[in-house]
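> Got a structure here, written out as structure tokens. Questions coming.
The values are calculated or read from the model by the stated rules, or taken from the named source; none is laboratory data. These numbers were taken from a predicted model, which means no experiment stands behind them. Note: ideal-geometry Cβ built from the backbone for every residue, glycine included; neighbour counts use all protein chains shown.
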Amino acid sequence: MKKLVLQGIVASPRKEANSLFLLDQAIKGAEEEAGAILDVHRFSFHAKRISPCVQCYRCDDTAGDCVLRDDFQELRDAWLKADIVIYSVPVWHLSVPSQLKAFFDRLGQSLSRRYVRERRGEQALHLKIVGNIAQGMDIFSGQEHALLDLMHYAVLQNCIPVSGETYIGVGGWARWSRDPDRIERLAEQGDATAQFSVTAAQRLGKRCVQIASILRAGFDRMSELLENDPAFEPVCERLALSKEIDGHES
């Protein structure tokens, strides 16, 4: 099977973060499931600058390229190449951090101009597998709200959210601590809640790989349909990329 590309995204602006730890657990589960057929990448919002969308509509004239020049392009390109995207976010005021929301706004605007241009109004089918993780300082501090926002965005981009085995995604809490390694230390100390978050993250990674593998098999069988329908252009781009990756490594 051709390689699947997994893009992990840590939406915390901190260099070391509980969100990074939980993402690594999800990647661990994905790698154990996929083995050599997985190509893993990570992107952290630490020291990155992604400005908010200014709704200038200039992406209408640039085939979807945003005219604001910052770190958006790097993450957009990584997002487009991925078969699986796993977000790991700290909860900020019951939702995702503003930096990630800015990325979502600009991604949505630019992609709607990049694909299916000859059939105005029709949406492109990205069909990525999306897994979501959210953690906060308190046990009831907006994790479920943030996870639902992430799921809604996945559906908006015609992607497929996967919950793992915990309803809507993986939640974690740091027991009222701001320490960036708090959840990791709690898990090592045998804290049941932290250990549950670790296990849930690993299972989420495993499920993402399984569903992505099933989807890839379907893409391979339906390649003629994909190539003849402009709505599947993003999927065809990813399939071509996977052949490239395999060719470089063979």
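> Quick one: count up the residues across segment 1-16 that are over 17 Å from Gly29 (Cβ atoms) and either aromatic (Phe, Trp, Tyr) or surrounded by fewer than 24 Cβ atoms within 10 Å (Cβ to Cβ) (or both).
Number satisfying all stated conditions: 8.
> Hey, can you tell me all the residues within segment 45-55 that are in contact with a helix residue (DSSP H, G or I) (Cβ under 7 Å, 6 or more places away or on another chain) and surrounded by 14 or more Cβ atoms within 10 Å (Cβ to Cβ)?
Phe45, Ile50, Ser51, Cys53
> Between Lys206, Lys243, which is at pLDDT below 95 and assigned to a helix (DSSP H, G or I)?
Lys243
> Within the set of pairs 6+ apart or on separate chains, which have a first residue in segment 163-188 that is under 14 Å from Leu150 (Cα atoms) and in contact (Cβ under 8 Å) with a residue 24 or more places away in the chain, a second that is assigned to a helix (DSSP H, G or I) and acidic (Asp, Glu), and C-beta atoms under 8 Å apart?
Short answer, once both residue conditions are applied: Ile168/Glu144; Gly171/Glu144.
> So if I check each of Gln135, Gln143, Gln123, which one is polar (S, T, N, Q) and out of contact with any Ser or Thr (no Cβ under 9 Å at 6 or more places or on another chain)?
Answer to the selection: Gln143.
> State which residue is farthest from the chain's Cα centre (by Cα) when the search covers only segment 33-50 and only residues that are part of a strand (DSSP E or B) and among the charged types (D, E, K, R).
Across segment 33-50, the extreme among qualifying residues is Asp39.
> Can you tell me which condition Gly190 does not meet? The list is (1) out of contact with any Gly (no Cβ under 7 Å at 6 or more places or on another chain); (2) among the small types (Gly, Ala, Ser); (3) at pLDDT 95 or above; (4) part of a helix (DSSP H, G or I), and all the others hold.
Failed condition: (4).
> Hey, another quick one. Of everything in segment 192-237, what is of a type in the set (Val, Ile, Thr) and buried (at least 19 other Cβ atoms within 10 Å of the Cβ)? Give them in sequence order.
Matches in segment 192-237: Val198, Val209, Val235.
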